[in-house]
Structures are given as C-alpha cells and as structure tokens.
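Note sheet for the following structure.
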Amino acid sequence: METIRGKRLSLLIKEEDIKKRVKELGREVERDFATSKELIVVGLLKGAFIFMADLVREIKLPLKIDFLWVSSYGQSMESSGNIKIVKDIDVDIEGREVLLVDDILDTGLTLKEIYEFLRIRNPSKLKTCVLLDKKERRKVDFNADYVGFEVPNLFLVGYGLDWGELGRNLPGVYAVED
Ligand code: XMP
C-alpha cells in the first residue's frame, strides 16, 4: 500500500491504462495538426512534465517543446486562483501552431488564464490537452480540446501530480484518502 505523509493512496488509473490513452491522444493530435510544419508543444511545470514526455513521443509530427513554469498550490490542496508566471516560454509563437499541455483541469482558472496569456501573442492555432479533467469542480467556462480521463472530485497524485512535491514519480494516478 502506497502512502504519502501517513495518508493512504488508492489507485485510480493504472499505468497501462494511461499508456494506452496517451497513445490515443497522440493519434488525435496528429490528425488535427496533420498539416503542421512545426508544432510547438508547451507544457506547464511542474505537473505536466511526465505526461508531456510521454505524449510528445506519441505525436509523429515535427515539433519543438517548451515549458511555462507557473506557481503551484505549495503544500495546500486548494487552488488560489491567483496564477504567477515563474518562467515564460523562450520561443516566439506568433503565427505558429501551439499545443498547451497540463496535467489536470480542475477549477479551470489556471489553464484559462494561461490560454489567454498565449492567445494574445497571436499563434495561428492554439489547442489544449490535459491528462485529467475534474469537470465537476469547474469555476470558469473553459474546457480542453483533448482530455485523457474525466476524474471525480478527489485529490490526486502520481504521474507528475504532487502533494507538497511528493508523489510525482508514482507511475499511476492515485487518490489521497481522507
Ligand atoms: P485549476 O484549479 O486552476 O488547477 O484548474 C489546475 C492546477 O492545479 C493543480 N491541481 C492538482 N494537483 N492534484 C494535484 O496534484 C490534484 O488533484 C489537483 N487538482 C488541481 C495542478 O497543478 C493543475 O495544474
């Protein structure tokens, strides 16, 4: 039984199921960006790093990667809804085709704000991809173009998601039990 800080973790999504779904997402992205000469995949640090590493290897198109580092929850389990850019992307996305990748869409505050932050730089195409979607928690009108799994309103760790920086290296997605 896996634990973090004495709390038990229950397996929600198995490693093999993630692998299978990431392959499918790769096919969907390839289909929509088939004419792209050079796709730019932008990941949100730190949570998206594992998902993005697996996803880009399933997209058989010429692409470049970059990362945006946005401030996280810290030790807390609640979003502040007050996003801070710790590090911007280095690449100029004007007129370029961009795929924005995050680990989880929860209230939607983060991705909606980052989407706008990138959109005003005038990319020719901007789509969003998340591994997990906690739809029932949404506070703003925002949905991702590609979603791996819809998940219930539980605090999740693993496959890049953390609780106070722990748990990112777990190969599956786990719920932290109360
Ligand atoms: P919002 O609420 O802005 O949140 O959509 C998106 C960001 O919040 C983090 N997040 C989580 N992190 N387990 C985590 O480890 C969770 O259950 C969870 N829910 C939200 C995540 O960093 C995401 O980018």
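The values are calculated or read from the model by the stated rules, or taken from the named source; none is laboratory data. A quick note: this is a predicted structure, and the numbers were derived from the prediction, not measured. Here the Cβ is made from the backbone with ideal geometry for all residues, glycine too, and neighbour counts use every protein chain on show.
Going through the stretch 122-164 one residue at a time, which ones are in contact with a Pro (Cβ under 8 Å, 6 or more places away or on another chain) and assigned to a helix (DSSP H, G or I)? Working first, answer last.
From the stretch 122-164, those in contact with a Pro (Cβ under 8 Å, 6 or more places away or on another chain) are 134, 136, 158-159; that's our starting set.
Answer for the stretch 122-164, where residues must be in contact with a Pro (Cβ under 8 Å, 6 or more places away or on another chain) and assigned to a helix (DSSP H, G or I): just GLU136.
Selection of the stretch 118-150 for residues being within 13 Å of the ligand (Cβ to nearest atom), under 30 Å from LYS37 (Cβ atoms) and aromatic (Phe, Trp, Tyr) yields only PHE142. The set of residues in the stretch 90-109 being more than 6 Å from the ligand (Cβ to nearest atom), within 18 Å of the chain's Cα centre (by Cα) and over 17 Å from ILE120 (Cβ atoms) consists of LEU99, VAL101.
Can you find a residue that is more than 23 Å from PRO152 (Cα to Cα), out of contact with any strand residue (DSSP E or B) (no Cβ under 8 Å at 6 or more places or on another chain) and modelled with pLDDT of 95 or more anywhere in the stretch 14-26? For the stretch 14-26, residues more than 23 Å from PRO152 (Cα to Cα), out of contact with any strand residue (DSSP E or B) (no Cβ under 8 Å at 6 or more places or on another chain) and modelled with pLDDT of 95 or more: present. For the stretch 41-69, taking the residues that are in contact (Cβ under 8 Å) with a residue 60 or more places away in the chain and part of a strand (DSSP E or B), the one that is nearest to the chain's Cα centre (by Cα) is identified as LEU44.
One line per residue, one yes/no per condition, for (1) under 17 Å from GLY160 (Cβ atoms); (2) buried (at least 19 other Cβ atoms within 10 Å of the Cβ); (3) basic (Lys, Arg):
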site	(1), (2), (3)
LEU12	yes, no, no
ARG31	no, no, yes
ALA34	no, no, no
ILE40	no, yes, no
ILE59	no, yes, no
ASN82	no, no, no
ASP92	no, no, no
ILE114	yes, yes, no
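A count restricted to the stretch 150-178 and to residues that are on the phi > 0 side of the Ramachandran plot and out of contact with any Phe, Trp or Tyr (no Cβ under 8 Å at 6 or more places or on another chain) stands at 2.
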